[in-house]
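Participant: Pasting a structure below so you can have a look.
The values are calculated or read from the model by the stated rules, or taken from the named source; none is laboratory data. Just so it is clear, the structure is predicted and the values come from calculations on it, not from any experiment. Virtual Cβ from ideal backbone geometry, glycine too; neighbours counted across all protein chains shown.
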């Protein structure tokens with residue numbers, strides 16, 4: 001019994017693992033050997049290649065290609081048209097399937113529309129990659145990065161809002177009230193609202 005939904009134009013190859021409640025939309029191709037968690041949403045014209053692993057609740061917007069080597073933890077958001085590479089120096093006439101590099105996207109991170117993630121990098125949990133950014137190095141958890149090449153311009157909370165830290169390095173989310181601390185160049189959540 002199928003526990004996911006797929007549009008009739010979607011291509012689902014045998015040997016793919018698709019979690020319950022996942023929805024796959026028009027003209028998407030789910031290739032053999034990939035794993036999609038529960039309650040994912042795969043937009044139109046998406047390709048998920050062999051070996052790709054998506055956690056639970058991942059949202060992949062239209063026109064995204066996820067190539068071998070990409071893993072995304074739970075609740076990642078991949079914006080329309082974002083791109084992941086998997087070879088640093090591709091050449092049409094040179095076979096490099098043995099040289100695929102890994103890219104890891106941490107829990108709750110957002111990759112904005114038309115951003116490019118160069119392979120071999122890690123995007124930390126709850127990081128926010130701005131639209132059109134080109135990521136060429138690791139991104140810290142909770143970091144906000146923009147531009148080409150991308151550069152960090154601030155920090156965001158788990159709701160995606162920019163954090164404004166006081167002189168002691170403390171900040172709170174204006175939506176949830178959750179508390180955050182900036183120390184030694186890193187942000188961590190220190191508690192729920194009211195602590």
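Participant: Exactly one of these conditions fails for residue 9: (1) more than 17 Å from residue 107 (Cα to Cα); (2) touching a strand residue (DSSP E or B) at 6+ places or on another chain (Cβ under 9 Å). Give me its number.
Facilitator: The failed condition is (2).
Participant: Moving on. With a cut-off of at least 3 residues that are within 21 Å of residue 80 (Cα to Cα), name the strands (runs of 3 or more DSSP E) lying wholly within segment 108-195. Give the steps one after another, and end with the answer.
Facilitator: Values: elements: 143-146, 151-155, 170-172, 179-183, 186-191.
Answer list for segment 108-195: 143-146.
Participant: For residues that are within 19 Å of residue 10 (Cβ to Cβ) and under 12 Å from the mean Cα position of the chain (by Cα), scanning just segment 73-101, find the one that is surrounded by the fewest Cβ atoms within 10 Å (Cβ to Cβ). Before you say what the answer is, go through the steps one by one.
Facilitator: Initially, segment 73-101 is screened for residues within 19 Å of residue 10 (Cβ to Cβ), giving 78, 80-81.
Adding the requirement that they be under 12 Å from the mean Cα position of the chain (by Cα) leaves 78, 80.
Numbers: 78: 29, 80: 16.
Top of the filtered list is 80.
Results for (1) closer than 20 Å to residue 65 by Cα; (2) assigned by TED's automatic domain parsing to the domain that holds residue 83; (3) buried (at least 19 other Cβ atoms within 10 Å of the Cβ), shown as yes or no for each residue.
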| residue | (1), (2), (3) |
| --- | --- |
| 112 | yes, yes, yes |
| 117 | yes, yes, yes |
| 126 | no, yes, yes |
| 131 | yes, yes, no |
| 134 | yes, yes, no |
| 151 | no, yes, no |
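Participant: Can you find even one residue in segment 31-54 that is part of a loop (DSSP other than H, G, I, E, B), under 23 Å from residue 154 (Cβ atoms), assigned by TED's automatic domain parsing to the domain that holds residue 150 and in contact with a strand residue (DSSP E or B) (Cβ under 9 Å, 6 or more places away or on another chain)? Steps first, answer last, please.
Facilitator: Going through segment 31-54, the residues part of a loop (DSSP other than H, G, I, E, B) turn out to be 31-34, 37-40, 43-46, 49-52.
With under 23 Å from residue 154 (Cβ atoms) added as a condition, the list becomes none.
The answer is no, given that none of the residues of segment 31-54 is part of a loop (DSSP other than H, G, I, E, B), under 23 Å from residue 154 (Cβ atoms), assigned by TED's automatic domain parsing to the domain that holds residue 150 and in contact with a strand residue (DSSP E or B) (Cβ under 9 Å, 6 or more places away or on another chain).
Participant: So, in segment 55-66, of the ones that are part of a loop (DSSP other than H, G, I, E, B) and without any contact (Cβ under 8 Å) to a residue 40 or more places away in the chain, which residue ends up nearest to the chain's Cα centre (by Cα)?
Facilitator: Step one: of segment 55-66, the residues part of a loop (DSSP other than H, G, I, E, B) are 55-58, 61-64.
Subsequent filtering for residues that are without any contact (Cβ under 8 Å) to a residue 40 or more places away in the chain retains 56-58, 62-64.
Details: 56: 12, 57: 11, 58: 8, 62: 14, 63: 14, 64: 11 Å.
The selected residue is 58.
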